[in-house]
Amino acid sequence: MPAKYGGKRSKMDALIDEGTFNPNSEKVSDPKFRGSEFFDPHDAVQVKYEMLRRVSIDNVSVTDASDEYGVSRPTYYQARANFDLTGIAGLVPAAS
């Protein structure tokens, strides 16, 4: 993605710096995440949120959503539990 906001750090750099970079972005197969200015497969929080939304709102199975977003089913269930407990903040990856 091109640098925006007056030459400041790029979104990719911000995601990496903030610990929200999705290292498995190539595994995200949802078409919305390809060639979109809004949906970014490199944004781990956005990917997890959309995965949860697909199951909850679009009634996609957990197995299909996990495959579509490039994560395991246990990762889905952990994201769901974290989201249920603390909202979107629960989708931010834990610091290593």
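Some observations on this one:
- In the range 54-95, residue farthest from PHE33 (Cα to Cα) [restricted to those that are part of a loop (DSSP other than H, G, I, E, B) and small (Gly, Ala, Ser)]: ALA95
- Some residue of the range 4-27 being surrounded by 15 or more Cβ atoms within 10 Å (Cβ to Cβ) and more than 22 Å from ALA95 (Cα to Cα): no
- Among all residues of the range 44-55, there is none that is farther than 17 Å from SER72 by Cβ, loosely packed, with under 12 Cβ neighbours inside 10 Å and not hydrophobic (A, V, I, L, M, F, W, C).
- Pairs with Cβ under 7 Å, 6+ apart, first in the range 7-28 and on the phi > 0 side of the Ramachandran plot, second part of a loop (DSSP other than H, G, I, E, B) and at pLDDT below 95: GLY19/PRO93; GLY19/ALA95
- Selection within the range 72-96 - more than 17 Å from GLY19 (Cβ to Cβ) and of a type outside the set (S, T, N, Q): ARG73, PRO74, TYR76, TYR77, ARG80, ALA81, PHE83, ASP84, LEU85, GLY87
The values are calculated or read from the model by the stated rules, or taken from the named source; none is laboratory data. Worth saying up front: this structure is predicted, and the values here are computed from it rather than measured. Cβ atoms come from the backbone with ideal geometry, glycine included; neighbour counts cover every protein chain shown.
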